[in-house]
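Written below as structure tokens is the structure these notes are about.
Derivation of every value follows stated rules applied to the coordinates shown; laboratory data play no part. Values in this document were obtained by computation on a predicted structure and should not be read as measured data. Here Cβ is always computed from backbone atoms with ideal geometry, including for glycine, and neighbour counts include all displayed protein chains.
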Amino acid sequence: MGLQPQPGRRQFVKFTFFKVAPEWRRLESGEQIDQVGDVQRVIEDWSERTLVRCYSTVGTRGDTDFMIWQVSHELDDIQAMASDLLGTRFAGYMTTPYSYLSMTKNSAYVEKYSGPGQDRFTRLNLAPGEHKYLFVYPLTKAREWYGLSKDERQEAMNQHIAIGHTFSSVKLNTTYSFGLDDQEFVLAFETDEPGDFLDLVQELRPSLSSAYTSIDVPIFTCVHVTAERMLAMLTSARDAVLA
């Protein structure tokens, strides 16, 4: 069933990046297959109750191997899935180099952002597409940004939003972390064309709002895959896992 939209309710959002220890890669292939099978069952179980998306970062980052994107109306669900993952044998061989907690929130700058009948309040419910690539990064604005007047910030964001709308192949998911985690926002861009995202980021660099960015790294290039494939890419017996 997965996560069902609940109008008016905000969602908790978690991006968790994992790294597999070198020692695990030296295990017998049969043991590797058994261990990733445990993890796959946890992911599939929670996919029935919450929104769970799996991504591989093998080959795109040196410090992470895969990422799990989870969305729920309850923070308890985020904790419970993390606890279930920690209860697997595989957990003894993996670390979490990066972890970002956030929530959905009404936009302070966007009144109409999608189409007829969809306004800023629909941003309370994330609706990821089936795009192949996801680009994720934490964002914190400089304190000077909040010293600007509301009109000045709106003008800067109008320019920012207008630039974004010229890249229709890129879908932005903005979530908020004020008081929940170290960053202020977590941005997740979905697309099937990595080059379009590259061009979008470059186009935004000279924008007014970009001048007030304090932190917007690290950035992660993630490839959307099934849980089975995400885990199989880690093993020494990929064909056996995917058979």
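Here are some notes:
- Here the Karplus relation 6.51 cos²θ - 1.76 cosθ + 1.60, evaluated at θ = phi - 60°, turns the backbone of region 165-180 into coupling constants of 5, 6, 10, 5, 7, 10, 9, 9, 10, 9, 10, 10, 10, 3, x, 9 Hz, with x for every Gly and Pro.
- Dipole check for the chain: with +1 at the C-beta of Lys and Arg, -1 at the C-beta of Asp and Glu, and the Cα centre as origin, the magnitude is about 360 Debye.
- Remark: C-alpha extents of the chain on the principal axes read 61, 35, 31 Å, sorted largest to smallest.
- Of the residues GLN70, TYR133, SER83, the one whose Cα sits farthest toward the positive end of the charge dipole of region 1-151, with +1 on the Cβ of Lys and Arg and -1 on the Cβ of Asp and Glu, is TYR133.
- Over region 118-220, equivalent-ellipsoid semi-axes from the Cα gyration tensor in Å: 22, 16, 15
- Listed by chain and number, the lysines placed with their C-alpha closer than 25 angstrom to that of LYS141 are LYS14, LYS105, LYS112, LYS150, LYS171; residues fewer than eight positions away on the same chain are left out.
- A simple rule links phi to the HN-Hα coupling: the Karplus curve 6.51 cos²θ - 1.76 cosθ + 1.60 with θ = phi - 60°, which for region 20-28 gives 8, 5, x, 4, 5, 5, 8, 6, 4 Hz, with x for Gly and Pro.
- For region 74-83, 3J(HN,Hα) computed residue by residue from phi via the Karplus equation (6.51, -1.76, 1.60; θ = phi - 60°) reads 10, 5, 4, 5, 4, 5, 5, 5, 4, 5 Hz, glycine and proline entered as x.
- Taking other C-beta atoms within 10 angstrom as a stand-in for reagent exposure, ILE219, ILE43 fall in the order ILE219, ILE43, fewest first.
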